[in-house]
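No value in this document is a laboratory result; all are computed from the given coordinates. As the structure is a computational prediction, the values presented were derived from the model and not from experiment. Here Cβ is always computed from backbone atoms with ideal geometry, including for glycine, and neighbour counts include all displayed protein chains.
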Amino acid sequence: MTWFHPHDVARRMELGRLTAIAVFGVLLFAFFRLQVLGAERFETESRENRLRSLPLPAPRGLIMDRSGNVLAENVPGYSIAVLPSDPDSLRGALQQIAMLTGLDSLRIEALLRRYRSSPHEPLVVRRDASFEVISALEESRVTIPGLVIQSEPKRRYPYGEIAAHVVGYVGEITEEELASNRIANARGGTLVGRDGLERQYDERLRGEDGWRFIEVDAMGRTVREMGDASKLVPEQGDTVVTSLDIGLQQFVAEIFPEGRRGSVVAMDPRTGEVLALYSAPSFDPDLFVGGMAPELWQALSQAEDQPLFNRAIEGRYPPASPWKLAVAASALRRGVATMETRMETPCSGGMLYGNRYFRCWDERGHGDITLREAIQHSCDVYFYQLGLRISLDGLLRDGVSMGFTERSGIDLPDESTPLFPATTAYYDRRYGPRGWTSGVTLNLAIGQGENTQSVINMVKFYAMLANNSGVAPVPRLVNASATEPHSLELTTDQLEELRDALFLVVERGTAVGARVEELQIAGKTGTAQNPQGPEHGWFIGFAPVEQPEIVVGAIVEFAEHGSNVAPLVTRVIRRHLVGPDSDRDQVRLVLPADSAPGPVPILPDSSQLRRTRGTG
Amino acid sequence: MEQRGLDKTLPIFAVVLIAAGLGVLYSAGQTDVPTAVADLWRRQLVWVGLGVVAAAIVFRLSPRLLDWLAPTVYTVSILLLLVTLVFGVGAGTKSWIAIGGFRLGQPAELAKLATILMLARLLTVRRRPPRDIWEAMPAGLVVAVPFVLVSLQPDLGSAIVFIAILFGALFWVGLKLSLLLLLMSPLVSLMLAFSTWSWGAWIVFLTLFVIFTRPYLLEGLVIWLINAAMGIMALGLWQQLQPYQQNRLLSFLNPEIDPRATGWHIIQSKIAIGSGGLIGKGFTEGTQKRLAFLPAQHTDFIYSVVGEEFGFIGVLGTLGLFAGLIWTLVRIAGRVADPFSSMLVFGIASMLLTHVVVNVGMTVGVMPITGIPLPFFSYGGSFMLTCCVAIGLAWRVSRESYGAAYSSG
């Protein structure tokens, strides 16, 4: 048995011992490296491994009207979110949730896309879930990995449709917005203002999200909530106080003719504070809370009467007769006329210019009248001649200096820029250097032609007339933008004369039916040409005429028949100056007296006109 | 050793390890969301009981009887492996024998002991060490049969254990070290083949080694050719592996390759062990385990629970116990006069060492994930029985050695 001799065995044992020591040494070193050298790092990793942070959405700031009535507030709601661990379990969880809440496959795909772009954030599946859905989910939460149900402030708009266009609404941030990083501190599921003040003052309203930490197991199931100490409380956004008078706004919405489209803007001419801004038809902003069904959105955004469209600032209409005051102001400023000036050709229901006959709206004619009377009766023939006297160039230059080429600057998103030619080069571009006649001057003089203005911009213009300085502040709901104010550059006397003339419009002129006994209201009616259908009715007025405190402008689309635009405005003025309990019956309804004359041809040849109109 | 009678070191080590293993298994079941693991320690306790009975029975068998029984036991275990291959059940690997859905056991574990017995018999028949690879070939065949059958299940971990047993036995029987290394070389070739550079370097080294150690010409040539063939085959073998097997091997090299699937096990295990720190989080208090981040915390990764809850101190303690147990076995093997008994005990020591090193190494990421159990700790009846029987056999040999020393002295 030499081969198992003790010497050989001892040698083998020694070798075996060395091998074992080496192997155990390697193992011990590996443990030493992890547990002693790496203890801190792995301790942190193990904590992060089991702790998930969940955002606590901050309640958005309140929006209030001038006397503290809440226009947008927060009420408790429930949101359903999933803490994703991997795509497969997420898909499974979403499918389970879908069965209980009726999530469609489109939404699931969108959620999976968002998960891929930011896989470590909790996915908000649904906001504003009903109590039934929540309790059904609670029952099966063990089988849905990563399900988190938490209460979350939910936006509510107590005045709903009444102030929808001013207040706006909120919606979940889109993937594009998230990718573009335009919105500060945003993450998937953040609610951002989509329209109105919600959008304009979004950053101020949004507040700061808090965080809470929950301990989850490897399947992503919530095991326990960490204590309050580790919670970061969300900070509510700032309250935004607007100049809106919700009482007046409500009144406007109430008296606005049922089923009509149009808008009303009421503003304090001294400060630019917007008191009411209403666009009809309106929509219910609460429908947007918690995400809107695609069909509903489709219906709302593609409706023929465009309820989402804010007609007060986005709608552009020919300014029509109210614009005659701009021509009058221009004439006074240039000294080509005074209030007593009479024109060469008296109004006989129309006038011949060049080889063409231009009609006045009143076929009976106004006779030989002064500028004051021309304003009072809105005589087109008078203003044709006044426009020619000022010259096209002068009309355009003054229009620019009065702010007709610019937005009013109101602090609302999506305001349209008015269409107004800054120079005659515009006509050259549009019709060719010789393609147009002085017909454009005549058109411009009565507020037709290449000139469309928004209601807010016209209200701003009338605020200039209302103020003794001839300067209008920038319209504002919260903060004024730093736009340079425009001035009429008229003397106080000239302004007073113009106001007197406008007063006569309501007292004895085209808006006489809208008179209010105890108030001195000045204003101007108008009828805007509408190539698509019946004409639009305008009225812009202010009161009291001596020291105006409110300017109200209104347009009612297709108001040709049965329009009550002027009384609408005077009732709003009355509600503001006298108070809510005044008797409504004192206001009589009236049809606008000065319907516009037919479109004036501005092209040398009428066949060409038709072609241009047809294609334009 | 001076004292007469029974050496109780071996059973003491075994009992302490079994007790510690049961405690850790109990802790592994303590999770925040209760799972089936929660009650497994009770069932393991039953297996321990059965194991003690089995150990007591084999303790009564003399080494002579075992020597005589070895071929029968080996044949039966090979037959069982064949049956398993045909009728076996199990998720992913067919490693269980079941009757009517009731799982009886994993024949691979029995086959390990049977192979050790068979090797001990075969290698001691000639009464001298094998002189060349031809003489070592029968031993190789004895291991190759269960190795192939287990690989086909496929159970990579157990297959590795068979290889380790073979080399342990060849080493202990006194095969020349240079020959042993030459025999191991094809395995190295296989492992290095995924990188042409490392494999090229290995072939150059091997060529020089063959020239300097000067074995028989044919022998050296055959070894060299096998190495070359291994290197070429490795690529083909790699492509034949199931994707999950490929991932396992890859994630051992770089766990971040697939942090959610295979790498997940290594990453989570390392986090659990690392966060245990020096003294651990305390018995049943491991957060990673409680929250079920640890995979297979009751079987393959039970040592991560030890690392997390008892820290580096606990690791030192348990590895110390294992080292103590294995060293005790080696000492018995060195002391006993009978070559068969010596081979038997050393084979058992090799088997246990391989299990400990591969399993524990896997939890800290120094070994690939092969899924072999940790003796006395991992839940599993067959392996617990195997370990108990192995300890029983070794203890019997230990007693024999005293008896022999007694009678001769």
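Here are a few things to note about the model shown:
- The mean count of C-beta atoms from other chains within 10 Å of the C-beta of residues in B:337-348, rounded to a whole number, is 1.
- Fully extending the segment from B:Ala337 to B:Arg131, taken as 0.36 nm per residue of separation minus the present Cα-Cα distance, adds 72.0 nm.
- Simple point charges give the picture: +1 on the Cβ of Lys and Arg, -1 on the Cβ of Asp and Glu, and for the protein assembly as shown a dipole about the Cα centre of about 5600 debye.
- Computed with the Debye formula from one identical point scatterer per Cα of segment A:242-365, without solvent, the log10 of I(q)/I(0) at q = 0.15, 0.17 Å⁻¹ comes to -0.93, -1.03.
- For segment A:394-438, fraction of C-alpha pairs farther apart than 17 Å, in %: 46 percent
- Value of [θ]222 nm, deg cm²/dmol, for chain B, DSSP H segments ≥ 4, -39500 (n - 2.57) each, nearest 500: -25000 deg cm²/dmol
- Annotation: Cα Rg of segment A:82-128 relative to the compact-globule expectation 2.2 N^0.38 Å equals 1.02.
- Per-selection metrics, chain B (Cα): Rg and Dmax in Å: 21.7, 64
- Using 0.36 nm per residue and subtracting the Cα-Cα separation, the extra length available between B:Leu61 and B:Arg42 on full extension is 3.9 nm.
- Rg and Dmax, both from the Cα atoms of segment A:320-422 and both in Å, are 15.2, 48.
- For A:Ser85, residues with placed amide H under 5 Å, excluding near neighbours: A:Leu90
- Counting only other chain Cβ atoms within 10 Å of each residue's Cβ, the peptide B:323-334 averages 3.
- Estimated FRET transfer efficiency when R0 is 30 angstrom, pair A:Glu295-A:Glu139 (beta carbons, to 0.05): 0.50
- Modelled FRET efficiency - R0 25 Å, B:Leu221 with A:Arg17, Cβ distances, 0.05 increments: 0.10
- Exposure proxy ranking, count of Cβ atoms within 10 Å, fewest first, for A:Ile375, B:Ile226: B:Ile226, A:Ile375
- Taken residue by residue and averaged, Cβ atoms of other chains lying within 10 Å of the Cβ of A:38-49 number 6.
- Diffusion constant of the protein assembly as shown at 25 °C, which comes from Stokes-Einstein with the Kirkwood Cα-pair radius and 0.890 mPa s, µm²/s: 67 µm²/s
- Cα-based radius of gyration of segment A:306-351 once divided by 2.2 N^0.38 Å, which approximates compact folds: 1.77
- Ellipsoid semi-axes in whole angstrom, largest first, where each is sqrt(5λ) of the Cα gyration tensor of segment A:15-80: 63, 11, 5
- Hits among lysines - C-alpha to C-alpha of A:Lys154 under 29 Å, sequence gap 8 or more where chains match: A:Lys231
- The calculated FRET efficiency for A:Trp211 paired with A:Asp414, based on their beta-carbon distance and R0 = 30 Å, is about 0.30.
- Of A:Lys460/A:Lys524; A:Lys324/A:Lys460; B:Lys8/B:Lys112, pairs whose Cα-Cα distance is over 18 Å: B:Lys8/B:Lys112
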